[in-house]
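J.: Provided herewith is a single structure, encoded as structure tokens, for subsequent inquiry.
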Amino acid sequence: MNDYLIGIMYHEPESWDLWNKGVIEDYESSTGIFITASSIADAIKWAEIIGEKLLRFVNSDNSLSYSKLNYECWHEPDIKESGWDHCLSHFQHVKVGEMPNLKNMTTESYEKWQSENT
């Protein structure tokens, strides 16, 4: 078993609304998570399940489909090159089959963490 840093794409309701009004061009957010898995493919597959739950959680809409919105997860093979080396301690660590605390994956949570850690 190895730990993999996985990126998760999703959107939050505020940015989605602004995008639909034509105010902004990019509405997607991303976050990271460390997943302990037997392979990168298993880690990404589990991250997609987390991603859909996160998407539904932040938007309070259980009908949203991660795959229909063409969201994806990806492996960051080099942590220093990921662009996230400044916030790695914010990311949770889970095993395949273990759900993280979704509330701690939101932009609001990151902003709070950032104000406490800078």
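J.: Return a yes/no flag: does segment 50-72 have any residue that is out of contact with any helix residue (DSSP H, G or I) (no Cβ under 7 Å at 6 or more places or on another chain) and in contact (Cβ under 8 Å) with a residue 60 or more places away in the chain.
T.: Yes.
J.: State which residue is farthest from Cys87 (Cα to Cα) when the search covers only segment 25-58 and only residues that are at pLDDT below 95 and among the small types (Gly, Ala, Ser).
T.: Ser29
J.: Okay, next question. All but one of (1) at pLDDT below 95; (2) at positive phi hold for Gly97; state the number of the condition that does not hold.
T.: With (1) at pLDDT below 95; (2) at positive phi applied to Gly97, the lone miss is (1).
J.: Next question, about the same structure. Could you grab me the full set of residues in segment 61-71 that are under 11 Å from Glu48 (Cα atoms) and surrounded by 15 or more Cβ atoms within 10 Å (Cβ to Cβ)?
T.: Tyr66, Tyr71 - these are the residues of segment 61-71 that are under 11 Å from Glu48 (Cα atoms) and surrounded by 15 or more Cβ atoms within 10 Å (Cβ to Cβ).
J.: May I pose another question? Just checking: which of the strands (runs of 3 or more DSSP E) contained wholly in segment 23-118 hold 1 or more residues that are of a type in the set (Phe, Trp, Tyr)?
T.: Counting at least 1 such residues, we get 28-37, 73-75.
J.: Could we say that Glu81 is at pLDDT below 90, closer than 20 Å to Glu14 by Cα and not β-branched (Val, Ile, Thr) here?
T.: no
The values are calculated or read from the model by the stated rules, or taken from the named source; none is laboratory data. Quantities reported herein were computed from a predicted structural model and do not represent experimental measurements. Note that we place each Cβ from the backbone using ideal geometry, even for glycine, and neighbour counts take in every protein chain shown.
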